[in-house]
Amino acid sequence: MKIQSKIFKIAMIGYQLNEGGLEKVMSSLSVYFGKKGIEVHNILFVDNIAYPYSGKLVNIGKMKENNEGFIAKLKLFSFFKNYIYENDFDFIIDFRYRLHPLQELIISKLVYNSKTIYTVHSSNINNYLPKSRFLTKQICKSAYKVVCVSKGVANLVNQYHQIKNTAVIFNPIDVEEIKSKALESVDMIASYVISAGRFDSSNVKQFDELIISYSKSVLPHNGVNLVLLGDGVLKEHLMNTAINSGVKEQVLFLGFVDNPFKYFKNAMFFVLCSKYEGFPMTLIEALACEIPAISFDCLSGPNEIIKNKINGLLVENQNFEKLTIAIDLLYNNDILRASCKENSLESVQCFSLERIGKKWLDLMKINKNSRNER
């Protein structure tokens, strides 16, 4: 008699499915799990959805629109709790920032009733785990795992919080989708280098400093533009920085684009100069588009992606003078640039969605032969 494989149920909890790298990870894994026959419930707290997903969408963000005040929030909390309890999930994967420690303690004790996986996506670990070691241990001690997106992040979490149930799973990319979308044409005549990210008030990506470093490089004098993909409240500040640096015409602001890969593909190289990172999606996406990359050697992420002078250049963290030198080196040295370009795609195959997705299935002990009873 043939035994029917069980269908696993996973709740994926996040804020939104649009604009950011963390959101892309949630989206990619949602689609991957769905293709593997897993029942996926995507629970969101912000009504901002553009990335694909599989399974059911529970848009609590949309419910908030006409519900303000304490009583309304209590009702939404009750809905969230009841939804989790009624569905009896095998796993809950929490992709959210966790900025309010007492609220997170309540959720961990009163809402999450299944095997819970917390994710930490940045070396700024206070965005994901309370600064209080006591509260973090109370929240995480019953968690199934605390998944960190890089070895650097895991080291920070383990050193500060001494959590014993951490695991490292890198962010995934859909290599085949990126390669396909990268083939689309772009209306760009001049040569350019490129960077991408949010222009938000935290200025984590430091695009203003990138513009200044670019202005001091040989690129503007050789007709090579700087293309920035993204948008946000700092756009006017960044445009003024370009004016004040004398490169107003050479810095091109293209906004958020549906397909950044075609712009990556046609760039000379990608540049990342963040204050901090976790495991930068744009970096591995750019390399998947077969261009070299330059990045600060942040506490976490880039040095687990870039092999110096093999697929790009690593620059002393937060040293913008050396960033300019690296930009000049990769532009002037045709042989080095060609070599890094040749190695770029192969260097990120290990981050493919299929490989990383399998690591998630292995972590949860889910495979096509699973017949365990729930």
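Note on segment 329-346: among residues that are closer than 23 Å to Ile173 by Cα and in contact with a Cys (Cβ under 9 Å, 6 or more places away or on another chain), the one that is surrounded by the fewest Cβ atoms within 10 Å (Cβ to Cβ) is Leu345. If you check Glu285, Glu290, Glu304 for being modelled with pLDDT of 95 or more and within 23 Å of Asn333 (Cβ to Cβ), only one passes: Glu290.
Contact annotation: residue pairs with Cβ atoms under 7 Å, 6 or more positions apart or on different chains, pairing a residue in segment 276-296 that is assigned by TED's automatic domain parsing to the domain that holds Ser213 and farther than 20 Å from Ile356 by Cβ with a partner that is at pLDDT below 95 and among the small types (Gly, Ala, Ser), are Tyr276/Ser122; Tyr276/Ser123.
Here Ser142 does not fit the description of being more than 14 Å from Arg98 (Cβ to Cβ), at pLDDT below 95 and assigned by TED's automatic domain parsing to the domain that holds Cys289. When the criteria are applied in full, Val157 meets the requirement of being under 28 Å from Asp297 (Cα atoms) and either part of a loop (DSSP other than H, G, I, E, B) or of a type in the set (A, V, I, L, M, F, W, C) (or both). So which residues in segment 267-281 are crowded, with 24+ Cβ neighbours inside 10 Å and either under 24 Å from Val147 (Cβ atoms) or modelled with pLDDT under 95 (or both)? Once the filter is applied, which keeps residues that are crowded, with 24+ Cβ neighbours inside 10 Å and either under 24 Å from Val147 (Cβ atoms) or modelled with pLDDT under 95 (or both), segment 267-281 yields Leu272, Ser274, Glu277, Gly278, Phe279, Pro280, Met281. Among the residues making up segment 120-155, those that are surrounded by 24 or more Cβ atoms within 10 Å (Cβ to Cβ) and in contact with a strand residue (DSSP E or B) (Cβ under 7 Å, 6 or more places away or on another chain) are Val120, His121, Ser122, Ser123, Tyr128, Leu129, Val146, Val147, Cys148, Val149, Ser150, Val153. With respect to (1) charged (D, E, K, R); (2) without any contact (Cβ under 8 Å) to a residue 40 or more places away in the chain; (3) in a helix (DSSP H, G or I), the lone exception for Asp200 is condition (3).
A Cβ distance below 7 Å, combined with a sequence gap of six or more or placement on separate chains, defines the contacts here; from segment 236-249, residues that are without any contact (Cβ under 8 Å) to a residue 60 or more places away in the chain reach residues that are assigned to a helix (DSSP H, G or I) and of a type in the set (Gly, Ala, Ser) in the pairs Ser245/Ser215; Gly246/Ser215; Val247/Ser215; Lys248/Ala242.
The residue pairs whose first member lies in segment 347-365 and is closer than 14 Å to Met281 by Cα, whose second member is part of a helix (DSSP H, G or I) and aromatic (Phe, Trp, Tyr), and whose beta carbons are closer than 6 Å, counting only pairs six or more residues apart or on different chains, are Leu353/Tyr32.
Looking only at residues of segment 300-337 that are of a type in the set (A, V, I, L, M) and in contact (Cβ under 8 Å) with a residue 60 or more places away in the chain, we find that the one that is nearest to Tyr276 (Cα to Cα) is Leu323. Here the condition is being over 18 Å from the mean Cα position of the chain (by Cα) and under 27 Å from Ser339 (Cβ atoms); of Val247, Val233, Val224, Val251, it holds for Val224 alone.
Residue-level check: of (1) within 25 Å of Ser30 (Cβ to Cβ); (2) under 26 Å from the mean Cα position of the chain (by Cα), Tyr83 misses just (2).
The values are calculated or read from the model by the stated rules, or taken from the named source; none is laboratory data. Note that the structure is a prediction, hence the values are computed from the model and not measured. Glycine gets a Cβ as well: all are built from the backbone with ideal geometry, and neighbour counts include every protein chain shown.
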